[in-house]
Amino acid sequence: MDVDVVVVGAGPTGLMLACELALAGVRTRVLERRAVPRPHARALSLHPRSVELMDQRGLLGRFLPLGRTVPGWHYAGLRTPLDFTALDSRHGYTLVLAQTRTEALLEERARELGVEISRGCEVLEVRQGDEGAEVLSRVPGGTEAVRALFVVGCDGGRSLVRQAAGIGFPGTDETLTGVLGDVAVVDPPPGALDAARARGVIVAPLEGGLTRFVYLDPERMRVPSTEPVTWEEFRASLARITGSDCGATEPRWLSRFGNATRLAERYRAGHILLAGDAAHIHFPAGGQGLNTGLQDAVNLGWKLAAVVKGWAPPGLLDSYDGERRPVGRSVTENTEVQTLLAELTLVERYQRPAAALRELLDRLLGMAEVNRWLADRISGLGTHYPPAASGTDPLVGRRMPDVGLTIAGSRAERVYDLLAQGRFVLLALAGDRDPHETVGAGWVSRVTAVTARTRDKHADLDGVTEVLIRPDGHVAWATRTLAGDARDNERIQALTSWAGAPSPTR
């Protein structure tokens, strides 16, 4: 094989996946159709769970200085914001950061890890056999074939990789479209921008003194997304919706986007897998698309690396579909709800009941429990993977709390500090038995054993004596009641189930 894994697409999902694979020592090559990175940012935000993932890998220091934090987000443009500060995370905020910046930072990290990123490579065909797959691309001067054990399609909603794998993409076609424009704003009429926001227009400041406007125009929302947005249309729509053109001038980018919503029938077909928009597309309600793709990548990366390296337990790679496809379904469903609510507000015969419905939802969002439930869902923090067996500890499948730890030698760290290398972490909190001997008996190359005590109180950890944390930060196994030999035996079973059979040579 030329490489272990070919990733098709150098967007945020593909680059994040390449970083995860390379971190695990997997030979990875990224093929990207565009000769240069996209100059315009479709997405502008990293939600709390994505921020946590960057923190887990020690990358957050690269991202935070370039962005702007805001304490919450919105649901369907309702007046009452989702309060991310109330969530169980050190990062209870949205990091407003242009997608172009996110891609540049991830590409920088991927290259540091030795990933080969080939731009100007248009994939023409993907063929798979019993032992792997071959990717044929058009490159400057001709064509090139690359053989790999696995190919991952991160190549967007029209994914050629998905089509080559014969994976269906059922869902609904586009029925309405919105418009976005990155423009300069010069001498807007007094109160114009506030008036725009009050009428449902998203007004977001960008780098370089630009402002992004995003809106649905009732008179133009059935125009196909394939029809270019003209400057005349953009200004006319703003004036029609808000009463003025808001001082918009010097357009840098105008784009139309639709609400086609689809979810891949499966995320894996043999040696071909899907992630990001290749697996799920939807209206950009709540800014969830990029974030869902990043989280797909981190879930898939360590599992695919385990197969490539030969230690994956049975069924591990298939658990990617089992864990992430339900998340994709949840995202597509909640974006459809948000889109419908926005559309009903604009259709004349539904405007009165739609306004009443929005008022009702605003009141519900004012209730702390409701707000937190929905904020958990949109932020990605509420993702809870189903346990492999019944009767397991309630912590299993959830994100491991990022509590402070005091490790032997009085060294103070956080849980997330232990995840920077993308390995399992076996964390002993009881202090009565050292797990290092178990790990050293066969898992030392895959698992970091740590004996520590917590410095922070956390209800989810009450009584927990030992926990096995997956490389993606979710809990694989935990115990509160077992002790002595019983705990040792269950620990070995958990390590074997998740980190594979012990290796006698390591």
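Worth pointing out:
- Helices (runs of 4 or more DSSP H) fully within region 10-63 that include at least 2 residues being in contact with a Ser or Thr (Cβ under 8 Å, 6 or more places away or on another chain) and not β-branched (Val, Ile, Thr): 12-23, 48-56.
- Evaluation of PRO435 against (1) surrounded by 19 or more Cβ atoms within 10 Å (Cβ to Cβ); (2) within 28 Å of MET16 (Cβ to Cβ) (one fails), failing number: (2)
- ALA104 vs. criteria among the aliphatic types (A, V, I, L, M), part of a helix (DSSP H, G or I) and more than 19 Å from HIS40 (Cβ to Cβ): no
- For region 81-102, residues that are under 22 Å from ASP460 (Cα atoms), among the aliphatic types (A, V, I, L, M) and buried (at least 17 other Cβ atoms within 10 Å of the Cβ) total 1.
- Among the residues of this structure, LYS303 does not count as one that is charged (D, E, K, R), modelled with pLDDT of 95 or more, out of contact with any helix residue (DSSP H, G or I) (no Cβ under 9 Å at 6 or more places or on another chain) and within 24 Å of LEU106 (Cα to Cα).
- Screening LEU216, LEU210 for residues that are closer than 22 Å to ARG358 by Cα, surrounded by 12 or more Cβ atoms within 10 Å (Cβ to Cβ) and in contact (Cβ under 8 Å) with a residue 40 or more places away in the chain leaves exactly one candidate, LEU216.
- Residue count, region 348-366 (criterion: over 16 Å from GLY200 (Cβ atoms), within 34 Å of the chain's Cα centre (by Cα) and of a type in the set (Lys, Arg)): 1
- Where a residue in region 365-388 is under 21 Å from GLY328 (Cα atoms) and in contact (Cβ under 8 Å) with a residue 24 or more places away in the chain and its partner, wherever it lies, is among the β-branched types (Val, Ile, Thr) and part of a helix (DSSP H, G or I), with Cβ under 7 Å and at least six apart: THR383/VAL327
- Extreme residue, surrounded by the most Cβ atoms within 10 Å (Cβ to Cβ), among residues of region 269-288 that are part of a loop (DSSP other than H, G, I, E, B) and touching a Lys or Arg at 6+ places or on another chain (Cβ under 9 Å): ALA275
- Qualifying residues in region 154-174 (those that are β-branched (Val, Ile, Thr) and surrounded by 15 or more Cβ atoms within 10 Å (Cβ to Cβ)) - the one nearest to the chain's Cα centre (by Cα): VAL161
- Qualifying residue in region 79-97 (condition: closer than 25 Å to VAL8 by Cα and part of a loop (DSSP other than H, G, I, E, B)): yes
- When region 109-128 is filtered for residues that are over 19 Å from SER159 (Cα atoms) and either part of a strand (DSSP E or B) or free of Cβ contacts under 8 Å to residues at least 40 places away in the same chain (or both), the ones remaining, listed by number, are ARG111, GLU112, GLU116.
- Residue in region 150-160 that is under 30 Å from ALA236 (Cα atoms), assigned to a strand (DSSP E or B) and modelled with pLDDT of 95 or more present: no
- Members of region 320-352 found to be small (Gly, Ala, Ser), modelled with pLDDT of 95 or more and buried (at least 18 other Cβ atoms within 10 Å of the Cβ), listed by number: GLY328
- Any hit, region 61-69, residues being modelled with pLDDT of 95 or more, farther than 26 Å from ALA164 by Cα and in the same structural domain as ASN291 (by TED's automatic domain parsing): no
- Any hit, region 233-243, residues being on the phi < 0 side of the Ramachandran plot, outside any strand (DSSP E or B) and aromatic (Phe, Trp, Tyr): yes
- Candidates THR448, THR465 - the one that is closer than 30 Å to ARG109 by Cβ and hydroxyl-bearing (Ser, Thr, Tyr): THR448
- The single condition among (1) in contact with a His (Cβ under 6 Å, 6 or more places away or on another chain); (2) outside any helix (DSSP H, G or I) that ASN291 does not meet is (2).
- Test: residue in region 183-205 that is surrounded by fewer than 16 Cβ atoms within 10 Å (Cβ to Cβ) and either within 24 Å of GLY276 (Cα to Cα) or at pLDDT 95 or above (or both): yes
- Enumeration of residues in region 174-202 that are without any contact (Cβ under 8 Å) to a residue 24 or more places away in the chain and either in a strand (DSSP E or B) or of a type in the set (A, V, I, L, M, F, W, C) (or both): ALA198
The values are calculated or read from the model by the stated rules, or taken from the named source; none is laboratory data. Keep in mind it's a predicted model, so treat the numbers as computed, not measured. Here the Cβ is made from the backbone with ideal geometry for all residues, glycine too, and neighbour counts use every protein chain on show.
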